[in-house]
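K.L.:
Input: one structure, supplied below.
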Amino acid sequence: MKVYEAANLRNLALIGHGHAGKTTLVSAMLYTAGAAPRLGRVDDGSATTDYDEEEIARKMSISTGLAFVEWGKPESKVKINLLDTPGFNMFVHEAKMVLPVVDAALVVVDGVAGVEVVTQRVWNYCNDVDLPRMIVVNRMDRERADANRVLESLVNAFGRAVTPLQLPIGSEKSLSGIVDLVRMKAYTYEMGGNGKGKEGPIPANMADVAKEAHEKLVELVAEGKDALMEEFFETGTIPEEHLVPALHEAIREDKLFPVLFTSGLGNIGVDELMDFIVDYTPAASEHHALTAWTAEGAQPADRKGTDNEPASVYVFKTLSDAFAGRISYFKVFSGVLKNDSSLQNYNRNTLEKFAHISVVQGKQMVPIQELHAGDIGGVAKLRETLTGDTLGDKASPIRYPAVQLPEPAITFAIEPKSRADEDKLGVGLHKLMEEDAMLRFFRDPQTKEFLIAGTGQQHIEVVVSKMKKRYHAEVVLKAPKVPYRETIRGKADVQGRHKKQTGGHGQYGDCKIKMEPLPRGAEFEFVNDIFGGSIPRNFIPAVEKGIKDAAARGYLAGYPVVNFRVILYDGSYHDVDSNDLSFQMAGRIAFRKAMEMAKPTLLEPIMNVEITIPDEFAGTIMGDLNSRRGRIQGMDNKAGNTIVKAEVPMAEMLTYGADLTSMTQGRGSFAMEMHHYDTVPQQLQDKIIEKAKAERGEVKEEEE
Ligand SMILES: Nc1nc2c(ncn2[C@@H]2O[C@H](COP(=O)(O)OP(=O)(O)OP(=O)(O)O)[C@@H](O)[C@H]2O)c(=O)[nH]1
Ligand SMILES: [Mg+2]
């Protein structure tokens, strides 16, 4: 395998709405460049970058897949590293996570649908990191594919910097090639052929349109550049040798977003696409997306992305392979990484051996001797390194920042189906969490349930399926219990006395307490206001413990009591019979008496919810939120989508993922996080308390 240097490397992420054809386009590039014997298809499971069994079963990308092609003239060959990301909204964070390691994005758009929800989302991700973009309008061979309509939707969404560099020849089934508007040449293809275009003149019926588009392009490129402007006015055009570098620069600086046309499945325009990538997207040497920070993270570090700097490597993805173990994908940001070298992991302070470094072609690891600054590779069996870590020369520590991801949107309670599954459950989930940044697994300290959280219903379904197939653990999912809490609205002043003096050693503890509400957020406060030793000092902690224990068990429905203050102000004791346990009992009795008087009430978690839906569903969604006791906080419109912000009780959101899917035909998405606790309306309180009592009754019977 040839070793490449930054000037001859192009790192690209394919991003875009689900089903636009990203994975197919990668397969077509591999086939056309001779890196695959045939054009791999998503539909029969032969696409190079959709090799995982979950991806094959679902015919969609779930996780970012890596591939590369070597393209160009032999004397100036370029390696294009391709990162094929998922476009389905529940997995699109995978795209966000790889943007810092690429030098440009190929935004793939469907030739029928144009700009869609996720197109807009990934576009915003690119804006956040100033990433150069090239737009590929794919599936141009489909029925109702329409270049003009799609161009219009692109300009509407992303502005007039969106400019075609090509025009398609023919349409739908009769799509036969493309016109290159820079060089003003036409290329025609055989549908489903080898992807090599035949150069020829521009078809006569397209000559005028092409000329007009060419001039518009030239004008746009010349804009603001005096030398080019002059040339343009004098000669009426700009020669290719000036136009290409100027375009390259405009694209690198996000001043121009070029549009190309392809059919991935029909292998049309794919060789031209690769030519354009080589000519117009920034080389790895021209773009340095991630700023390095000093090891302490205090300030930017002085580190250039060149070979003669100390080595630094950033791990952007981890796979947990059932056989090969852990596989780490990384980018070499500076220096040269040699096979078999050892690098310091700066995040974890351990040394890791990079044995058998490789470049990655789908599931295949192709060994390589060294990787230079700007290149992307993979390595198996790093011991402690995880996604987001920086490694490098021990003597020159720096850090690249990890990508910030949103909090998971949906939570389920998870239970093993049998005893045998129990042990495998934790092991399997921890492995899956290594490769899946949006998966969480934890125990709710209050309800004691094991919970898993993710981006949505389908995400969790994939996890459950992987658990079964990879780790042979069968699990059951349930809606999680709502972590209600209890509090008080009034005050109380009570006495708690515990006395057992029937023969032998007795028990005696007695306390007087006042109880009062505290503002939300303050958990519990204990004030010792005893003067004159009515309770000896050493027993006071026992009273507090008794109260705390009782509060944790709840009063109304078994949920922890919060936001209250207890003032211990009097009591009495017995020289012989008083001990810790007796005062704990006294505290517990006092607590229950006080709760009875202090107007106890139930609190429920309220979630901050953000829902994104195509405009036509806005009415339905708002009405539905209303019936879920939601409070609308705001609305926003963006590119045909409505974004609704609302506060909704968690109890009403337990199955929202599935409900939203059915209300919007799968076109809505949402995210939510815990915001605050609020009082449960009285009728609902009665129901919850009744249910809790019934449950407790059952438990008691079981115990006896
Ligand atoms: N007609 C036609 N179909 C295509 C073309 N490209 C892809 N397809 C089909 O469209 C479907 C989706 O293609 P994929 O390559 O999986 O799309 P993707 O963008 O990778 O989808 P996600 O991974 O879910 O984001 C598959 O059935 C492909 O066979 C094309 O150029 N023309
Ligand atoms: Mg895909």
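Computed from the coordinates by the stated procedures, all read-outs in this text should not be read as laboratory data. Bear in mind that the values here come from a model prediction, so they are computed numbers and not experimental data. A quick note on method: Cβ atoms are made from the backbone with ideal geometry, for glycine too, and the neighbour counts reach across all protein chains shown.
K.L.:
Could you name the lysines in cross-link range of Lys691, using Cα to Cα under 16 Å and dropping any fewer than eight places away on the same chain?
P.N.:
Leaving aside lysines fewer than 8 places away in the same chain, those within reach of Lys691 are Lys481, Lys700.
K.L.:
Determine by what factor the alpha-carbon radius of gyration of the stretch 337-408 differs from 2.2 N^0.38 Å, reporting the quotient.
P.N.:
Numbers: Rg = 13.1 Å, N = 72, 2.2 N^0.38 = 11.2 Å.
Taking the Cα Rg and dividing by 2.2 N^0.38 Å, one obtains 1.18.
K.L.:
Need the C-alpha centroid separation for the stretch 604-652 versus the stretch 457-523, integer Å.
P.N.:
31 Å
K.L.:
Rounded, prolate or oblate: which one fits the stretch 403-446, using the alpha carbon gyration tensor with axes a ≥ b ≥ c (rounded when a/c is under 1.5, else prolate when a/b beats b/c, else oblate)?
P.N.:
Numbers: a/c = 2.79, a/b = 1.58, b/c = 1.77.
Judged from the Cα gyration tensor, the stretch 403-446 comes out oblate (a/c at least 1.5, b/c at or above a/b).
K.L.:
At 0.36 nm per residue, and after removing the present C-alpha to C-alpha distance, how many nm does the segment from Lys173 to Ser76 gain when stretched out fully? Mind showing how you got there, number by number?
P.N.:
On the way: separation 97, 0.36 × 97 = 34.92 nm, distance 3.59 nm.
Full extension from Lys173 to Ser76 adds 31.3 nm.
K.L.:
For the stretch 486-598, go through all pairs of different Cα atoms, get the mean of 1/r, take its inverse, and jot down that Kirkwood value in Å.
P.N.:
Working: mean 1/r = 0.0720 Å⁻¹.
13.9 Å is the Kirkwood radius here.
K.L.:
Just the ratio, please: alpha-carbon radius of gyration of the stretch 6-280 over 2.2 N^0.38 Å, N its number of residues.
P.N.:
Working: Rg = 17.7 Å, N = 275, 2.2 N^0.38 = 18.6 Å.
Normalised Rg, Cα atoms only: 0.95.
K.L.:
Continuing with this model, one more query. Using only DSSP helix segments of four residues or longer, with each worth -39500 (n - 2.57), what per-residue ellipticity at 222 nm results for the chain after dividing by its residue count and rounding to 500? Write down the numbers at each step before the final one.
P.N.:
Details: 16 runs with 202 residues, N = 704.
Using -39500 (n - 2.57) per qualifying helix, the result is -9000 deg cm²/dmol.
K.L.:
Could you name the aspartates and glutamates whose alpha carbon sits less than 18 Å from that of Lys353, not counting residues in the same chain fewer than 8 places away?
P.N.:
Leaving aside aspartates and glutamates fewer than 8 places away in the same chain, those within reach of Lys353 are Asp340, Glu370, Glu384, Asp389, Asp393.
K.L.:
Can you give the FRET efficiency to the nearest 0.05 for Glu190 and Thr291, using r as the Cβ-Cβ distance and R₀ = 51 Å? Walk me through the intermediate numbers first.
P.N.:
Values: r = 47 Å, r/R0 = 0.92.
Efficiency, rounded to the nearest 0.05: 0.60.
K.L.:
What nm distance separates the two modelled labels at Ala355 and His505, each placed 7 Å from Cα along Cα→Cβ?
P.N.:
6.2 nm
K.L.:
On to the next question. Find, to one decimal place in angstroms, the Kirkwood hydrodynamic radius of the stretch 410-478, where the mean of 1/r is taken over every pair of different Cα atoms and then inverted. Working shown, then result.
P.N.:
Working: mean 1/r = 0.0846 Å⁻¹.
Hydrodynamic radius (Kirkwood, Cα pairs) of the stretch 410-478 is 11.8 Å.
K.L.:
Compactness ratio of the stretch 296-338: Cα Rg over 2.2 N^0.38 Å, N = residue count? Write out the running numbers ahead of the final one.
P.N.:
Working: Rg = 13.8 Å, N = 43, 2.2 N^0.38 = 9.2 Å.
With N residues counted in the stretch 296-338, Rg over 2.2 N^0.38 Å equals 1.50.
K.L.:
Between the helical axis of 419-435 and the dominant principal axis of the chain, each derived from Cα atoms, what acute angle in degrees is found, rounded to the nearest 10?
P.N.:
The two axes meet at around 50 degrees.
K.L.:
Quick check: from the Cα gyration tensor, does the stretch 63-159 come out rounded (a/c under 1.5), prolate or oblate?
P.N.:
Details: a/c = 1.76, a/b = 1.27, b/c = 1.39.
Oblate is the answer for the stretch 63-159, as a/c is 1.5 or above yet b/c matches or exceeds a/b.
K.L.:
How high is the relative contact order of the chain, in percent, with contacts defined as C-alpha pairs under 8 Å that are six or more residues apart? It would help to have the intermediate numbers written out before the result.
P.N.:
Details: 1610 pairs, mean separation 69.3, N = 704.
Over the chain, the number comes to 10 percent.
K.L.:
Among residues other than Val644 whose Cβ falls under 13 Å from its Cβ, what is the net charge (Lys/Arg +1, Asp/Glu -1)?
P.N.:
Values: positive: Arg628, Arg631, Lys638, Lys645; negative: Glu610, Asp615, Asp624, Asp636, Glu647.
With Lys, Arg at +1 and Asp, Glu at -1, the neighbours total -1.
K.L.:
With an 8 Å Cα cut-off and a minimum separation of 6 or more residues, compute the relative contact order for the stretch 486-598 in percent. Intermediate results must be reported in sequence, preceding the final value.
P.N.:
Working: 266 pairs, mean separation 49.8, N = 113.
RCO, the stretch 486-598: 44 percent.
K.L.:
List the pairs from Lys499/Lys593; Lys317/Lys363; Lys22/Lys59; Lys2/Lys317 whose alpha-carbon separation is above 18 Å, in the order I gave them. It would help to have the intermediate numbers written out before the result.
P.N.:
On the way: Lys499/Lys593 16 Å; Lys317/Lys363 14 Å; Lys22/Lys59 12 Å; Lys2/Lys317 24 Å.
Among Lys499/Lys593; Lys317/Lys363; Lys22/Lys59; Lys2/Lys317, the Cα-Cα distance tops 18 Å for Lys2/Lys317.
K.L.:
Mind giving me the FRET efficiency for Ala161 and Glu230? R0 is 25 Å, r the Cβ-Cβ distance, nearest 0.05 is fine. Working shown, then result.
P.N.:
Numbers: r = 23 Å, r/R0 = 0.92.
Given R0 = 25 Å and the Cβ-Cβ separation, E is 0.65.
K.L.:
Now for a separate question. What does the highest-first list of 542-552, 77-87 look like by mean Cβ count within 10 Å? The partial results should precede the final answer.
P.N.:
Working: 542-552: 20.8, 77-87: 24.7.
Put in order of decreasing packing, that is 77-87, 542-552.
K.L.:
Now for a different question. Just check the stretch 1-74 against the gyration tensor rule for me: Cα atoms, a ≥ b ≥ c as the square roots of the eigenvalues, rounded for a/c under 1.5, and otherwise prolate or oblate depending on whether a/b exceeds b/c. List each step's numbers first, then the result.
P.N.:
Working: a/c = 2.25, a/b = 1.74, b/c = 1.30.
Because a/c hits 1.5 or more and a/b exceeds b/c, the stretch 1-74 counts as prolate.
K.L.:
Also, quick follow-up: At q = 0.09, 0.11, 0.20 Å⁻¹, what base-10 log of I(q)/I(0) does the Debye formula yield for the stretch 257-415 when every alpha carbon is treated as an equal point scatterer in vacuo?
P.N.:
-0.38, -0.55, -1.23
K.L.:
For the stretch 532-671, how big is the tail of P(r) above 22 Å, as a whole percent of Cα pairs? The partial results should precede the final answer.
P.N.:
Values: 5554 of 9730 pairs.
Summing the P(r) of the stretch 532-671 above 22 Å gives 57 percent of all pairs.
K.L.:
Right, next: For the stretch 608-704, what percent of Cα pairs sit more than 22 Å apart?
P.N.:
Values: 1905 of 4656 pairs.
The share of Cα pairs beyond 22 Å in the stretch 608-704 comes to 41 percent.
K.L.:
Hey, can you rank 355-364, 269-278, 202-211 by average C-beta count inside 10 Å, highest first?
P.N.:
Details: 355-364: 18.3, 269-278: 23.0, 202-211: 13.5.
Output ranking for 355-364, 269-278, 202-211: 269-278, 355-364, 202-211.
K.L.:
Strictly over 21 Å apart at the Cα level, which of Lys73/Lys211; Lys448/Lys514; Lys512/Lys545; Lys77/Lys185; Lys96/Lys469 would you flag in this model?
P.N.:
On the way: Lys73/Lys211 29 Å; Lys448/Lys514 31 Å; Lys512/Lys545 15 Å; Lys77/Lys185 23 Å; Lys96/Lys469 28 Å.
The pairs that break the limit, which is 21 Å between Cα atoms, are Lys73/Lys211; Lys448/Lys514; Lys77/Lys185; Lys96/Lys469.
K.L.:
I'm checking a number: the convex hull volume of the Cα atoms of the chain, normalised per residue, in Å³. What is it? Can you show the working numbers first?
P.N.:
Values: hull volume 146.6 nm³, N = 704.
About 208 Å³ per residue, rounded to a whole number.
K.L.:
How big is the stretch 173-274 by the Kirkwood estimate over distinct Cα pairs, in Å? Write down the numbers at each step before the final one.
P.N.:
Details: mean 1/r = 0.0676 Å⁻¹.
In the stretch 173-274 this quantity evaluates to 14.8 Å.
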